[in-house]
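Undergrad: To start, I am sharing the structure in question, which I have written as structure tokens.
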Amino acid sequence: MTEDLLVLGIDELGLNLSDANIADLELFLQEMTRWNQVHNLTAIENEKDSIRLHLIDSIAVLPVLRKFLKAPNPKIADLGSGGGLPAIPIAIVEPEWQLSLIEAVKKKTAFLQHVRGKLKLKNIEILSERVEYVALQQNAQFDAVISRAFTNLARFLDLSLPFLKPGGLVFAMKAKRADEEMQEVSMDDWCLLADEALHIPNLAVERRLLVLTPVRKSSSTEKQ
């Protein structure tokens, strides 16, 4: 493992990553840093450190995802995937999970296609379309939806709903404004299953993962 990832505290996450996992995560970081210098994939300060921390941030959600996703090969949509966070790190560590990366910006999907080939990731598909369009094409096809810094929570839930199978889950990666954003969510329509604080080594900013599922309406309620 490179000193970069050791310094960031990747071992502290307790994910038992294999040597192959580490090698692929490092290669993903290298490619993202290289492309970002030319294509401006992410608007960030202190580019190298930020990208590395984004990776740690992305895989820190895995213990919670593993707890809630019971299917052996869950199908997950990453809405507004951007540079592939969190989907690419998740796909690296969980090769049996199927991830659909939805991103409308062409230069970002070009990078995602490049990384998929470079890392030989067979468990991802890249959809260069608007989220709303993909929802029409793949209605109720996913066990879960995830996103990182895509949009506010209420809108993210609205966009996620068409993707979900019955009993599907939404994983919303949030920071300290999560309480404020939750106030805009109708709890008649959504059930909050978990609000997990995430420990990100060497990152002082608060990180939380909200897990929500749509409220199942009874037939009597629907008729009213």
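Undergrad: Out of the residues in region 193-209 that are in contact with a strand residue (DSSP E or B) (Cβ under 7 Å, 6 or more places away or on another chain) and of a type in the set (Asp, Glu), state the one that is surrounded by the most Cβ atoms within 10 Å (Cβ to Cβ).
TA: Here is the first cut: in region 193-209, the residues in contact with a strand residue (DSSP E or B) (Cβ under 7 Å, 6 or more places away or on another chain) are 193-198, 200, 207-209.
So of that shortlist, the ones also of a type in the set (Asp, Glu) come out as 195-196.
Details: Asp195: 15, Glu196: 17.
Here the residue is Glu196.
Undergrad: Considering only residues that are buried (at least 22 other Cβ atoms within 10 Å of the Cβ) and not charged (D, E, K, R), look in region 66-80 and name the one that is farthest from Lys108 (Cα to Cα). Show your work before the answer.
TA: Of the residues in region 66-80, the ones buried (at least 22 other Cβ atoms within 10 Å of the Cβ) are 76-79.
So of that shortlist, the ones also not charged (D, E, K, R) come out as 76-77, 79.
Details: Ile76: 19, Ala77: 16, Leu79: 13 Å.
Per the stated criteria, the residue is Ile76.
Undergrad: Got at least one residue in region 105-123 being in contact with a Lys or Arg (Cβ under 7 Å, 6 or more places away or on another chain), modelled with pLDDT of 95 or more and not aromatic (Phe, Trp, Tyr)?
TA: Taking region 105-123 and keeping what is in contact with a Lys or Arg (Cβ under 7 Å, 6 or more places away or on another chain), we get none.
No, there is no match, as no residue in region 105-123 is in contact with a Lys or Arg (Cβ under 7 Å, 6 or more places away or on another chain), modelled with pLDDT of 95 or more and not aromatic (Phe, Trp, Tyr).
Undergrad: Filter region 161-171 down to the residues that are farther than 14 Å from Arg130 by Cβ and either of a type in the set (Ser, Thr, Tyr) or in contact with a helix residue (DSSP H, G or I) (Cβ under 7 Å, 6 or more places away or on another chain) (or both) and list them by number. Don't jump to the end; show me each part of the working.
TA: We begin by selecting, within region 161-171, every residue farther than 14 Å from Arg130 by Cβ; these are 161, 164-171.
Hits for region 161-171 are Leu169, Val170, Phe171.
Undergrad: One residue is enough: does region 157-173 have a residue meeting the conditions in a loop (DSSP other than H, G, I, E, B) and at pLDDT below 95?
TA: Of the residues in region 157-173, the ones in a loop (DSSP other than H, G, I, E, B) are none.
No, region 157-173 has no match at all.
Okay, residues lined up against (1) out of contact with any Lys or Arg (no Cβ under 6 Å at 6 or more places or on another chain); (2) among the charged types (D, E, K, R); (3) without any contact (Cβ under 8 Å) to a residue 40 or more places away in the chain:
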position: Phe150; (1), (2), (3): yes, no, no
position: Ala154; (1), (2), (3): yes, no, yes
position: Met173; (1), (2), (3): no, no, no
position: Leu193; (1), (2), (3): yes, no, no
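Undergrad: Please enumerate the residues belonging to region 210-219 that are hydrophobic (A, V, I, L, M, F, W, C) and either exposed (fewer than 15 other Cβ atoms within 10 Å of the Cβ) or over 20 Å from the mean Cα position of the chain (by Cα) (or both). Reasoning before the result, please.
TA: Quick first cut of region 210-219, residues hydrophobic (A, V, I, L, M, F, W, C) only: 210-212, 215.
Once the filter is applied, which keeps residues that are hydrophobic (A, V, I, L, M, F, W, C) and either exposed (fewer than 15 other Cβ atoms within 10 Å of the Cβ) or over 20 Å from the mean Cα position of the chain (by Cα) (or both), region 210-219 yields only Val215.
Undergrad: When region 61-80 is examined, which residues are found to be under 14 Å from the mean Cα position of the chain (by Cα) and part of a helix (DSSP H, G or I)?
TA: Answer for region 61-80, where residues must be under 14 Å from the mean Cα position of the chain (by Cα) and part of a helix (DSSP H, G or I): Leu62, Pro63, Val64, Leu65, Arg66.
Undergrad: Let me ask something else about it. Considering each of Leu13, Leu55, Leu29, Leu41 in turn, give the residue that is under 25 Å from Arg208 (Cβ atoms) and at pLDDT 85 or above. Walk me through it before giving the result.
TA: Working: Leu13 fails: at pLDDT 85 or above; Leu55 fails: at pLDDT 85 or above; Leu41 fails: at pLDDT 85 or above.
Every option except Leu29 fails the conditions.
The values are calculated or read from the model by the stated rules, or taken from the named source; none is laboratory data. Since this is a predicted model, take the numbers as computed values, not measurements. Note that we place each Cβ from the backbone using ideal geometry, even for glycine, and neighbour counts take in every protein chain shown.
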